[in-house]
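The values are calculated or read from the model by the stated rules, or taken from the named source; none is laboratory data. Here the structure is a predicted model, which means the values were calculated and not measured. Note that each Cβ is placed from the backbone with ideal geometry, even for glycine, and that neighbours are counted across all protein chains shown.
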Amino acid sequence: MTKSENDRTLPAITRRKMLFATTAYLSALTDHTAPGASHPSSDQESIAPGNVLALWRAWYDAHEEGKRLCHQQQRLETEVLKSAGGFPVLQLEIPGEDKPIVVSTRQEIDSWLPGDAMAEERKTARSELAARIKKWNVADEQFGYSRTRHAETQIAGIEEASANTLWEAPALTTSDIIAKLHSIIETEDPGSHFKERPWPQLRIILADLVRIEHPA
């Protein structure tokens, strides 16, 4: 990296501010066509192939919903863990094994504790695992952890499909290029942590494009 490139390397807080400013700029351009962040959809048939800004908005809504669901499922997982007393797994002390074996199904118990000689241990392990699974399922139903995790998985698929459609769409304006570059940076380096090439340079280019298109 040359001295001039080093001079233009943005500190972390400035990088985030730059991305926030880019998001605000693109949101202002797309508010009138926004499908609504609370109901992102993979159905993009109503969006013209060349409408890059509308495609960006579809991706951005899914991206934001994905982040919300990710934080929600992490919080709910903590609640379920506290309520259930741990994950629905069991540690088995197996003769000849240096460390306990973690099992999560009856089949795994049967595999690790086979034969008549292990019948009592097998029965006890099955009963204990079943009790832990029951406690987990009760807590899961109460807090809705699995439902949220399923929703997060679904929105991740929508976000990926939206991003691919956006990146493949032809850019016709500077704002289109800003939208595509912004989504790539947010997708691949969401925390703006990458310092190796090409990420600092891409962030600088994005800042240049926003400044050109929307001077302060």
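Remarks
Conditions (1) touching a helix residue (DSSP H, G or I) at 6+ places or on another chain (Cβ under 7 Å); (2) hydroxyl-bearing (Ser, Thr, Tyr); (3) more than 29 Å from residue 183 (Cα to Cα), marked per residue:
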residue: 61; (1), (2), (3): no, no, no
residue: 70; (1), (2), (3): yes, no, no
residue: 74; (1), (2), (3): no, no, no
residue: 102; (1), (2), (3): no, no, yes
residue: 107; (1), (2), (3): no, no, yes
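- Residue match in the range 1-14 (condition: crowded, with 16+ Cβ neighbours inside 10 Å and either among the polar types (S, T, N, Q) or at pLDDT 90 or above (or both)): no
- Single match in 207, 179, 163, 151 (criterion: in the same structural domain as residue 56 (by TED's automatic domain parsing), closer than 30 Å to residue 85 by Cβ and crowded, with 16+ Cβ neighbours inside 10 Å): 151
- Pairing residues of the range 111-124 that are within 12 Å of residue 95 (Cα to Cα) with residues that are not aliphatic (A, V, I, L, M), at Cβ distances under 7 Å and at least 6 apart in sequence or on separate chains, gives 113/121; 113/122.
- Per-region count, the range 164-179, residues in a helix (DSSP H, G or I), more than 19 Å from the chain's Cα centre (by Cα) and of a type outside the set (A, V, I, L, M, F, W, C): 4
- In the range 79-99, residue nearest to residue 144 (Cα to Cα) [restricted to those that are in contact (Cβ under 8 Å) with a residue 24 or more places away in the chain and part of a strand (DSSP E or B)]: 90
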